[in-house]
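Comments concern the structure below.
The values are calculated or read from the model by the stated rules, or taken from the named source; none is laboratory data. Computed from a predicted model, the values in this text were never measured in an experiment. Note: ideal-geometry Cβ built from the backbone for every residue, glycine included; neighbour counts use all protein chains shown. Remember, those area values only see protein heavy atoms, side chains included, never the ligands or the DNA or RNA. Shrake-Rupley method; radii C 1.70, N 1.55, O 1.52, S 1.80 Å.
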Amino acid sequence: MPAPSDDKPKVLILGGTAEASALAERLVAAGEVTVITSLAGRTAEPVLPPGAVRIGGFGGAEGLAAYLRENGISRVIDATHPFARRISENAIRATAETGVPLEHLVRPGWQPVLGDRWHEVGSLEEAAGILPAGATVFLALGRQYLDAFAARLDCRFVIRMVDPPAQALPFADPVVILGKPSADPQQEAALLAAHGITHLVCRNSGGAAGYGKIAAARQLGLPVILIGR
Ligand code: NAP
C-alpha cells in the first residue's frame, strides 16, 4: 500500500508495541507530520493505531530502503519490541543507506523489587534447563520460542498466545490460553492461580503492558525465570 501523500513530513514508525501505538497517537494528535505505522502482520486482528498503517515485511533492509525512498519518508522511529532484533538491524542498515534519520525508542527492562523471586538467565535453553521436575509452567512466550521447552516431558506447560497456533505445539498435553497479557496484576494472579502455576517463564521485555504477570508472580510468591536481552 503506498504511503499517504500530503505536504507534511512523513514519519515511519516501526511498530507492534503499545509504546509505538501511543507514539502514533501523540504524533497524529500534534498534527505536524504524516504518521505511518508499520506492523509485521504477526497477529490476525491487530489493534490499529491512529494514522496510516501498512502491514507485512519490507523484504529485508533493501526492501525497507526502497520503501523509504519510494514514499519520501523523512524520519524513521524504531519502536519495535526489544527482542525483535532483525527489524531493528534492518532499520539501521536501510537508514544508513538512504540517509533518512533514525530514532530508536528503547524500552528499559524491568528491575527486580522486594518480594520478586527472579532467576535471570541468558537463553531459552537455560530457562528450560533450570525448571524443576514436576513444575507447572506458565510460558509467556511467542510460538517461535517454545521449542526449547519440548524436551521437558517432566513439566506441564500452560501457554498464552494471541492467536491459535497454526501448527501443533511441541508438547504432549499443553494448555493453551488465547489472549493478550493484562497489565492488571489481579487478573494475572487469578489466571496463574486458576492453572496451579508454580513457575513463570518470560523475557525481560519491559513496559507496562506485560508487567501485570511479574507483579502477579510477586503477589503469589512464584519464581520467575526471566530471559535477559
Ligand atoms: P524480527 O525477528 O525483528 O523481524 C522479523 C521480520 O519481520 C523482519 O525482518 C521484517 O521482515 C518483519 N518485521 C518485523 N517487524 C516489522 C514491522 N514493524 N513492520 C514490518 N515488518 C516487520 O521481529 P519479531 O520478533 O518477529 O517481531 C515481529 C513484530 O512483532 C515486531 O514488529 C515487534 O515489534 C512485534 N512484537 C514482537 C515481540 C517479540 O517478542 N519478538 C513481542 C511483541 C511484539 P522483512 O525483513 O521482510 O522486512
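Mind checking which residues of the stretch 212-226 are surrounded by fewer than 22 Cβ atoms within 10 Å (Cβ to Cβ) and touching a Ser or Thr at 6+ places or on another chain (Cβ under 9 Å)?
Selection gives Gly212, Leu222, Pro223.
Pick from the stretch 45-72 the residues that are in contact with a Pro (Cβ under 9 Å, 6 or more places away or on another chain) and among the aliphatic types (A, V, I, L, M): which of them is farthest from Gly228 (Cα to Cα)?
Filtering first and then ranking leaves Ala52.
Which is out of contact with any Cys (no Cβ under 8 Å at 6 or more places or on another chain), among the small types (Gly, Ala, Ser), modelled with pLDDT of 95 or more and on the phi < 0 side of the Ramachandran plot, of Gly221, Gly142, Gly212?
Numbers: Gly221 fails: on the phi < 0 side of the Ramachandran plot; Gly142 fails: modelled with pLDDT of 95 or more.
The conditions single out Gly212.
Within the stretch 176-202, which residues are open to solvent by 40 Å² or more (accessible area, probe 1.4 Å) and assigned to a strand (DSSP E or B)?
Listed by number, the residues that qualify are Val176, Leu178.
Is the stretch 126-139 home to any residue that is more than 30 Å from Ser21 (Cα to Cα) and within 16 Å of the ligand (Cβ to nearest atom)?
Our first condition is that a residue be more than 30 Å from Ser21 (Cα to Cα); within the stretch 126-139, this holds for 126-137.
Filter once more, so that each one left must be within 16 Å of the ligand (Cβ to nearest atom): 127.
Yes - at least one qualifying residue is present in the stretch 126-139.
Residues Ala84, Ala66: which one is open to solvent by 20 Å² or more (accessible area, probe 1.4 Å), under 19 Å from the mean Cα position of the chain (by Cα) and among the hydrophobic types (A, V, I, L, M, F, W, C)? I'd like the intermediate steps shown before the answer.
Numbers: Ala66 fails: under 19 Å from the mean Cα position of the chain (by Cα).
It is Ala84.
Tell me which of these Val100 doesn't satisfy, since it passes every other one: (1) assigned to a loop (DSSP other than H, G, I, E, B); (2) in contact (Cβ under 8 Å) with a residue 24 or more places away in the chain; (3) open to solvent by 30 Å² or more (accessible area, probe 1.4 Å).
Unmet condition: (3).
Restricting to the stretch 145-168, and then to whatever is among the small types (Gly, Ala, Ser), open to solvent by 70 Å² or more (accessible area, probe 1.4 Å) and over 20 Å from Glu45 (Cβ atoms), can you tell me which residue is modelled with the lowest pLDDT?
Among those residues, the one meeting the criterion is Ala168.
Can you list residue pairs whose Cβ atoms sit under 7 Å apart, with the first residue in the stretch 123-150 being without any contact (Cβ under 8 Å) to a residue 60 or more places away in the chain and farther than 11 Å from Cys202 by Cβ and the second being away from the ligand (no atom under 16 Å from the Cβ) and not in a loop (DSSP other than H, G, I, E, B)? Count only pairs 6 or more apart in sequence or on different chains.
Short answer, once both residue conditions are applied: Ala148/Glu125; Ala148/Ala128; Phe149/Ala128; Phe149/Phe157.
Of all residues in the stretch 5-26, which are surrounded by 14 or more Cβ atoms within 10 Å (Cβ to Cβ), away from the ligand (no atom under 14 Å from the Cβ) and modelled with pLDDT under 95?
Residues satisfying the conditions do not exist here.
Pull up the stretch 27-42, narrow it to residues that are away from the ligand (no atom under 16 Å from the Cβ) and part of a loop (DSSP other than H, G, I, E, B), then point me to the one that is most open to solvent (accessible area, probe 1.4 Å).
Filtering first and then ranking leaves Glu32.
Just to be sure I understand, how many residues within the stretch 82-107 are acidic (Asp, Glu) and within 19 Å of Asn204 (Cβ to Cβ)? Before you say what the answer is, go through the steps one by one.
Quick first cut of the stretch 82-107, residues acidic (Asp, Glu) only: 89, 97, 103.
Within this subset, residues satisfying the condition of being within 19 Å of Asn204 (Cβ to Cβ) are none.
Matching residues across the stretch 82-107 total 0.
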